[in-house]
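K.L.:
My questions all concern the structure below.
The values are calculated or read from the model by the stated rules, or taken from the named source; none is laboratory data. Quantities reported herein were computed from a predicted structural model and do not represent experimental measurements. Using ideal geometry, Cβ is built from the backbone for each residue, glycine included, and neighbour counts are taken over all protein chains shown. Note: areas computed on protein heavy atoms with side chains; ligands, DNA, RNA excluded. Shrake-Rupley method; radii C 1.70, N 1.55, O 1.52, S 1.80 Å.
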Protein chains: 2
Amino acid sequence: MSTIPTATISRLVTYLRILTSLENQGIKNTSSEQLAEEAQVSAFQVRKDLAYFGRFGTRGAGYTVPTLRRELRRILGLNRPWNVAIIGMGRLGQAISDYPHFEQYDFSLKACFDNNAKVIGQTMSGHQVYGMDALPQVVKEKGIDIGFLTVPQAAAQAAADALVAAGIKGILNFAPVVINVPREVHVEPVDFLAGLKRVSFYIINPGLKEELA
Amino acid sequence: MSTIPTATISRLVTYLRILTSLENQGIKNTSSEQLAEEAQVSAFQVRKDLAYFGRFGTRGAGYTVPTLRRELRRILGLNRPWNVAIIGMGRLGQAISDYPHFEQYDFSLKACFDNNAKVIGQTMSGHQVYGMDALPQVVKEKGIDIGFLTVPQAAAQAAADALVAAGIKGILNFAPVVINVPREVHVEPVDFLAGLKRVSFYIINPGLKEELA
DNA sequence: GCAAAGGTGTGAAATTTTCCACAATTCATT
DNA sequence: AATGAATTGTGGAAAATTTCACACCTTTGC
């Protein structure tokens, strides 16, 4: 219980998606074998990942889809609403604010911020844009938990500092740079340029890909 | 040499960015200590990561910024042009096709695809949109290496199959689903919804974050 | 030209993560 | 009620990754 691999958390998200898909298909029962196949990991791995958090199956019978799904949502903290804000209303910030399925994914977009005077006060995708100076007050008033950092690379650290000062708990960092925050704030990088460069590496080094049977 | 950790490749991308930033600042020399601090890893880790690929520093003196930068670009395969295509011209695909800095990042957007008859033949952000049936021919003619998969979740596997059949070498998968491809094709997930769910988990489990001093 | 300080490269230890075998339990069938 | 097939949960082995100590090389200052 003391320490859980980061990779386990990523896989739990994958298992949850698979369970949601199974539930939508009306499938009531599943097994570590089936989850493993769809997630492209081993069945051992599925069972070990789940074992960090408890016992959710029935020996000999497998797992009940709605039950395991509910448990995974609880483990991941998705059985409660999360309020999010976008920091940086450039192309990417606008595209995200347009994203249609937020509510269905347990997250609620509550505010947008930018420090460009031309957009402050405007409405984008139905959301009013605040100036960065309003951050502390709006975060407090609207109970914002998580910030999407979609500012240019050069502005990322300063914006992150402002988010931390405003009392935000987690940051989804879309900027292609490592940002520095206190330990109690969790940062998840979302970095397609880095992914693109990793693809480049693995294309020119095809031998370095591990097998999967 | 036989096997290199995936995490090492991700860190190499980070080191390269730091070196580019140092070079832009006119800084000529650096050290594993400095790279480690900016990348938020240990100096041991930096040196070990580099050691997988050779010796790039001078004992007692550190690293020369332009030299190490050039070597990392070579290692990552960024000293050559890569041709990319976007598959799925919805909101996300359009936002990416608008992305202004592609050329500067060693990648060249060569084509856009969609299977919606309403957009096929149109021009988006200066790029003509092809139908999916044109994929094999266009990939071949334009020498496309990498596909950005920006279709809805339900369409992702079929689109990935089409990319593989067309002979693509790598896929940047923006769809929130694990796709299944042959071993010789490398897939990198770029999944902000998964990142968001990991943030949720770490916010409700603050004790599970490892320290860094 | 010598000594001291600074900093890389690397084998080995420590830690983390994954893999595996198997005991334990459940369900279906007769 | 008993047997056999199925499938979970888990302790420990194996593998992968990170951490570390230190030998070794360079530069700087005197």
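K.L.:
Restricting to the stretch A:30-43, name every residue that is away from DNA strand C (no atom under 12 Å from the Cβ) and under 15 Å from A:Thr8 (Cα atoms).
P.N.:
Passing the criteria: only A:Leu35.
K.L.:
Among the residues of the stretch B:188-203, write down those that are farther than 18 Å from A:Val185 by Cα and open to solvent by 20 Å² or more (accessible area, probe 1.4 Å).
P.N.:
Result: B:Pro189, B:Asp191.
K.L.:
Further question on the same structure: Would it be correct to say that A:Val46 is open to solvent by less than 10 Å² (accessible area, probe 1.4 Å), farther than 16 Å from A:Ile4 by Cβ and not polar (S, T, N, Q)?
P.N.:
no
K.L.:
While we're looking at this one, here's another question. For residues that are within 12 Å of DNA strand D (Cβ to nearest atom), over 20 Å from the mean Cα position of the chain (by Cα) and closer than 26 Å to A:Tyr105 by Cβ, scanning just the stretch A:10-43, find the one that is nearest to the other protein chains (Cβ to nearest Cβ).
P.N.:
Among those that are within 12 Å of DNA strand D (Cβ to nearest atom), over 20 Å from the mean Cα position of the chain (by Cα) and closer than 26 Å to A:Tyr105 by Cβ, it is A:Glu37.
K.L.:
Can you tell me which condition B:Arg59 does not meet? The list is (1) over 15 Å from the mean Cα position of the chain (by Cα); (2) touching a residue at least 12 places away in the same chain (Cβ under 8 Å); (3) outside the structural domain of B:Val151 (by TED's automatic domain parsing), and all the others hold.
P.N.:
(2)
K.L.:
Something else now. Please report, ordered by residue number, the helices (runs of 4 or more DSSP H) entirely within the stretch A:44-152 with at least 2 residues that are within 14 Å of chain B (Cβ to nearest Cβ) and away from DNA strand C (no atom under 16 Å from the Cβ). Spell out the reasoning first.
P.N.:
Details: elements: A:65-75, A:91-97, A:135-142.
Qualifying helices (runs of 4 or more DSSP H): A:65-75, A:91-97.
K.L.:
What number of residues within the stretch A:111-129 are modelled with pLDDT under 95 and under 20 Å from the mean Cα position of the chain (by Cα)?
P.N.:
Residues flagged as modelled with pLDDT under 95 and under 20 Å from the mean Cα position of the chain (by Cα) within the stretch A:111-129 amount to 0.
K.L.:
Looking only at residues that are more than 7 Å from every other protein chain (Cβ to nearest Cβ) and assigned to a strand (DSSP E or B) in the stretch B:162-213, which one is nearest to B:Ile144 (Cα to Cα)?
P.N.:
Top of the filtered list is B:Ile171.
K.L.:
Scan the stretch B:104-146 residue by residue and report those that are touching an Asp or Glu at 6+ places or on another chain (Cβ under 9 Å), among the small types (Gly, Ala, Ser) and open to solvent by 50 Å² or more (accessible area, probe 1.4 Å).
P.N.:
B:Ser125
K.L.:
Let me ask something else about it. Among the aliphatic types (A, V, I, L, M) and either modelled with pLDDT under 95 or under 20 Å from the mean Cα position of the chain (by Cα) (or both), is that true of A:Ala134?
P.N.:
Taking the combined requirement at face value, the residue does not satisfy it.
K.L.:
For residues that are touching a Pro at 6+ places or on another chain (Cβ under 8 Å) and open to solvent by less than 40 Å² (accessible area, probe 1.4 Å), tally how many sit in the stretch B:147-163.
P.N.:
Qualifying residue count for the region: 0.
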